[in-house]
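Here the structure is laid out as structure tokens; the discussion comes afterwards.
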Amino acid sequence: MNVVSTRPQKIHPHKFTLWLAIGSIIMMFAGLTSAYIVKGEQPGWSTVVVPKIFYYSTGVILISSLTMQMALKSFKERNMQQYRILLTVTATLGLAFLVMQILGFQQLFNSGVKLEGGAGAAQFLYIIFGLHGLHVLGGAIALLVMFLKAFSARVRNYNAIPVEVISTYWHFVDLLWVYLFVFFLVKS
Amino acid sequence: MSNDALHGHPEVVTTHDAHHDEHHVHHHKETFITKYVFSQDHKMIAKQFLITGMVWAVLGGLMSVLFRLQLGYPDQAFPWLEDILGRWAKGGKISAENYYALVTMHGTVLVFFVLTGGLSGTFANFLIPLQIGARDMASPMMNMLSYWFFFGGSIVMVSSLFVQTGPFSGGWTAYPPLSALGDASPGSKVGMDLWITAMALFVVSSLLGGLNYVSTVLNMRTKGMSMTRMPLTMWALFFTAVLGILSFPVLLSGFILLLFDRHGGTSFYLSDIYIATTQQALPNEGGSAILFQHLFWFLGHPEVYIILLPAMGLSSEIISVNARKPIFGYMAMVGSMFAITILAFLVWAHHMFVTGLNPFLGSVFVLLTLLIAVPSAIKVFNWLTTIWKANIRFTPGMLFALGFVSLFISGGLTGIFLGNSTLDIHLHDTYFVIAHFHIVMGVSAFFGMFAGVYHWFPKMYGRFLNNTLAYIHFWVTLAGAYMIFWPMHYEGLAGMPRRYFDYSNWESFKQFAELNKFISTVAIIVFAVQLLFLFNFFYSIFKGRKVTTMNPWGATTLEWTTPIRPGHGNWVGEIPEVHRWAYDYSKDGRDFIPQTEPIGPNESHH
Ligand code: HEM
Ligand SMILES: [Cu+2]
């Protein structure tokens with residue numbers, strides 16, 4: 001007996017699980033940004049000037065989303081050569097993004113904005129951007145695994161599911177960043 | 001590509017490539033390690049959750065016995081306690097600091113590790129694939145990780161009992177500043193760091209599990225198993241998982257900010273604090289302890305439904321099977337669970353009525369809170385209507401399910417008192433609250449869990465539990481639960497506050513001295529009877545009466561179409577197809593019609 005689906009096109013469980021996980025991550029950041037808003041209405045709130053470098057890192061992560069999409073496309077076209085190159089570019093851009101975030105933190109820190117004592121926009125910035133960075137790092141590690149797989153000759157794999165999963169995640173952390181960045185620009 | 005082989009689940013295999021396909025054909029050789037320890041079989045993982053939960057329940061229960069000894073006999077010392085417990089009971093008495101540590105651990109452990117991890121972990125894992133007709137979870141690998149994160153969290157939490165400054169002692173809600181300042185109390189030092197670490201691991205475990213449960217229910221149902229043909233257990237566990245996925249991350253963000261306050265010097269939750277013990281004024285300014293309460297209760301309230309919904313689902317199923325009647329109002333049951341899930345996110349501030357919350361906002365939360373009474377009442381009505389004029393089989397599982405309904409009604413009624421912000425001014429932080437939430441959530445969820453264990457034990461171990469012991473267990477626990485918690489309402493109405501170590505110096509509460517002795521004595525007896533249950537459980541795994549038929553309860557659902565001791569993959573041949581809903585009992589002159597039986601030509605509609 002073939003267990004066919006009860007609905008027309010069924011989504012692969014792993015992809016579906018990813019969407020759920022994305023919902024979960026959104027809730028975490030929603031919690032943090034709501035905390036920001038609640039806190040911002042209280043006395044003693046201090047604002048922060050978002051360092052310029054975060055504008056550049058925004059550009060970098062947006063481009064990496066593009067290359068990720070192209071990588072997925074080449075994978076589906078079985079153009080493995082191009083897929084590997086694009087995957088490498090994406091991972092590199094991801095790492096560049098992380099480095100820029102750290103540089104941004106450093107700039108802020110050197111300009112005298114510390115964690116101690118305060119609980120204003122800057123402290124939230126460190127934590128929220130930092131947590132976002134961890135999520136990008138997770139994605140970059142997954143890309144690295146994909147990357148190693150793509151170069152290992154032994155495993156010849158044309159299953160697009162893992163590539164689709166990681167690319168969806170990658171677009172998600174990109175969008176999440178845009179949301180967080182705009183949130184901070186508007187709010188501080 | 002992931003390794004978590006989807007064990008020959010046909011609908012998944014088709015989307016995989018050929019290379020992956022062959023992986024399914026040869027059966028794995030199972031070693032002791034892969035079968036009992038790092039198992040990826042949902043049934044084994046369920047048993048791991050159950051037994052870990054039992055260990056936790058014993059520890060958490062023992063803690064309540066210890067602090068009940070103090071509350072019942074505040075002026076007496078029990079020197080033998082020191083021999084067993086060492087520094088926890090110096091001179092045979094529990095110190096105030098230890099009392100708070102015990103209460104905190106008791107609450108944390110029972111709420112999270114027993115009734116969330118233990119309850120959902122056991123029954124979501126065990127029942128979801130069996131009742132929807134799947135060979136395993138969407139990702140058995142994540143499922144295994146979920147258990148091991150739970151285990152890791154458990155180890156860390158237990159280890160906090162042994163550090164020199166003791167475990168965290170600021171209450172299971174971990175409000176700052178007690179949770180944020182190491183100098184605030186001994187338990188706020190390493191104990192609190194371990195507490196946060198353990199809870200973070202626990203949250204990860206819950207998320208891994210929850211993602212899997214939802215994904216499995218939505219994607220891996222067998223042919224013909226439409227959502228509305230699922231047993232109510234599935235709906236309940238599904239909504240539970242949704243609640244967890246959306247609320248635990250918010251708790252995590254609260255904890256992250258807390259960690260920064262503890263170790264990063266930030267002051268999200270801290271402001272204008274002077275610590276008496278160190279005679280120090282802290283520089284922190286502008287923080288808000290109420291912010292933590294918002295983040296905490298945004299999980300905290302859904303959490304009580306995370307505990308309750310599985311118990312509701314299990315009881316619905318067991319009541320219908322043993323009443324030999326279809327569940328009354330199936331769609332209304334699903335609808336009320338859905339309503340509860342939505343409302344659960346909108347009522348958290350009823351825990352904060354007396355924090356200086358804007359009274360207008362408070363009244364909105366009163367309204368939303370009292371709205372929950374509607375779906376709750378619908379469910380109660382449906383359970384009662386299901387057993388109305390039924391030919392009930394009083395199996396131990398059925399008794400516990402009925403006990404659940406009774407406790408849910410009793411505890412739900414006092415919730416209406418507490419949901420009114422004006423009444424709450426008097427009642428909050430008194431024993432009335434303790435009585436309310438123990439009955440409605442603590443004990444009733446335990447009853448749902450016991451019902452589930454008694455009912456599905458034959459499927460888990462291929463043997464029955466002993467009935468005589470089960471009946472003793474049921475009656476003593478039910479009577480005991482009411483004797484312990486009912487009187488606490490009166491204490492609370494009289495204004496007796498919770499979280500106090502000794503009430504004997506209080507003129508107004510001296511009247512309760514004898515009552516407290518009584519409560520404590522009953523608590524010890526009830527605890528002892530739980531040990532009897534544990535004996536029954538472990539004895540029956542090895543020596544219980546053997547199950548000889550595939551479907552001992554005459555139930556319609558799919559789990560009873562598997563072999564008596566199903567292997568990994570559950571069905572030997574193909575997964576059966578489903579043709580009807582799960583509640584065709586006493587229909588057209590037949591006792592029950594399994595879900596796998598096609599609709600007959602002359603069959604009546606339900
Ligand atoms: C024999 C069974 C039990 C007894 C006798 C018992 C007794 C108590 C008492 C007297 C307190 C209040 C202590 C104080 O505030 O000073 C308490 C607190 C608490 N109990 Fe239980 N309990 C039992 C089972 C449970 C169960 C099954 C749960 C699971 C939900 C639970 C959850 C809690 C929680 C969350 C608290 C609040 C802890 C805090 O204040 O931080 N208890 N228990
Ligand atoms: Cu609540």
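The values are calculated or read from the model by the stated rules, or taken from the named source; none is laboratory data. Fair warning: this is a prediction, and the values are worked out from it, not measured in the lab. Please note: Cβ atoms are built from the backbone with ideal geometry, for glycine as well, and neighbour counts cover all protein chains shown. The protein model used for the area step is the full one, side chains on, heavy atoms only, and it has no ligands, DNA or RNA in it. Shrake-Rupley method; radii C 1.70, N 1.55, O 1.52, S 1.80 Å.
Miscellaneous remarks
- The HN-Hα couplings worked out from phi for region B:593-604 by the Karplus form 6.51 cos²θ - 1.76 cosθ + 1.60 (θ = phi - 60°) are 10, x, 4, 7, 8, x, 5, x, x, 9, 6, 7 Hz, whole numbers, x standing for Gly and Pro.
- Rolling a 1.4 angstrom probe over the protein heavy atoms with all chains in place gives the protein assembly as shown an accessible area of 39 Å² per residue.
- For region A:175-188, 3J(HN,Hα) per residue [Karplus equation, 6.51 cos²θ - 1.76 cosθ + 1.60, θ = phi - 60°, Hz, x = Gly/Pro]: 4, 4, 4, 4, 4, 5, 5, 4, 3, 5, 5, 5, 8, 9
- The mean number of partner chain beta-carbon atoms within 10 angstrom of a residue's beta-carbon across peptide B:285-294 is 4.
- Computed from Cα atoms, the angle from the helix B:467-493 axis to the main principal axis of chain B rounds to 40 degrees.
- Coordinate range along principal axes, alpha carbons of the protein assembly as shown, Å, largest first: 80, 77, 52
- Estimated FRET transfer efficiency when R0 is 45 angstrom, pair B:Asp429-A:Ala142 (beta carbons, to 0.05): 0.45
- Shielding by other protein chains, A:17-25, mean Cβ within 10 Å: 6
- From helices alone, chain B scores -19500 deg cm²/dmol at 222 nm; the rule is -39500 (n - 2.57) for each run of n ≥ 4 DSSP H residues, then divide by the residue total.
- Assuming charge only on the beta carbon of Lys and Arg (+1) and of Asp and Glu (-1), the dipole of the protein assembly as shown about its Cα centre is about 1520 debye to the nearest 20.
- Under the Debye formula (equal points on every Cα, no solvent term), log10 I(q)/I(0) of region A:50-187 at q = 0.12, 0.18, 0.22 Å⁻¹: -0.51, -0.93, -1.26
- In this structure the amide hydrogen of B:Met225, modeled in the peptide plane, comes within under 5 Å of the amide hydrogens of B:Val578, none closer than 5 places in sequence on its chain.
- Calculated mean residue ellipticity, 222 nm, chain A: -27000 deg cm²/dmol, from DSSP H runs (n ≥ 4) at -39500 (n - 2.57) each, averaged per residue and rounded to 500.
- Exposed loop positions in chain B were taken to be GluC sites (Glu not before Pro) whose DSSP state is not H, G, I, E or B and which have at most 14 other beta-carbon atoms within 10 angstrom. Between these positions, the longest stretch is B:31-573.
- Averaging Cα coordinates gives a centre for region B:107-123 and one for region B:508-580; these two points are 15 Å apart.
- The heavy atoms of B:Met483 present about 80 square angstrom of accessible area, all protein chains included, probe 1.4 Å.
- If the chain linking B:Arg545 and B:Phe151 were pulled fully straight, counting 0.36 nm for each residue of separation and taking away their Cα-Cα distance, it would gain 138.7 nm.
- Of the listed residues B:Ser215, A:Ser46, the order by accessible area with a 1.4 Å probe, largest first, is A:Ser46, B:Ser215.
- For the chain pair B and A, the interface hides roughly 3800 square angstrom of accessible area in total, found with a 1.4 Å probe.
- Heavy atoms of B:Lys546: accessible area, 1.4 Å probe, square angstrom to 10: 130
- Computed about the Cα centre, the dipole magnitude for chain B is approximately 1460 debye when only Lys and Arg (+1) and Asp and Glu (-1) carry charge, each at its Cβ.
- Set of region B:500-519 residues, backbone N closer than 17 Å to the point 7 Å along the Cα-Cβ line of B:Ala276: B:500-502
- Residues of region B:206-220 that lose at least 30 Å² of accessible area (1.4 Å probe, protein heavy atoms only) when the other protein chains are present, relative to their chain alone, are B:Leu211, B:Ser215, B:Leu218, B:Asn219.
- Point-to-point label distance, B:Ala339-A:Phe151, nm (Cα→Cβ direction, 7 Å offset): 6.0
- Considering only B:Leu368, B:Gly121, B:Gly286, and ranking their Cα positions along the charge dipole of chain B that arises from unit charges at the beta-carbon of Lys, Arg, Asp and Glu, the one farthest toward the positive end is B:Gly121.
- Accessible-area value, B:Phe78, 1.4 Å probe, nucleic acids and ligands omitted, Å²: 40
- Estimated FRET transfer efficiency (B:Leu493, B:Thr355; beta-carbon r; R0 25 Å; 0.05): 0.70
- Residue pairs, from the table A:Lys15/A:Lys73; A:Lys39/B:Lys189; A:Lys73/A:Lys149; B:Lys43/B:Lys546; B:Lys379/B:Lys543; A:Lys15/B:Lys223, whose Cα atoms sit over 29 Å apart: B:Lys379/B:Lys543
- Amide H partners (placed H, <5 Å) of B:Thr430, local residues excluded: B:Arg498
- For region B:122-166, the fraction of alpha-carbon pairs in successive 10 Å shells from zero, as %: 24, 36, 21, 14, 5, 0
- Largest-first ordering by accessible area, 1.4 Å probe, given options A:Lys73, B:Lys47: A:Lys73, B:Lys47
- Candidate residues A:Val186, B:Val522: accessible-area rank, largest first, probe 1.4 Å: A:Val186, B:Val522
- Amide H contacts under 5 Å for B:Arg463, placed H, 5+ residues apart: B:Val547
- The C-alpha atoms of chain A define a longest principal axis, and helix A:121-151 lies at about 20 degrees to it.
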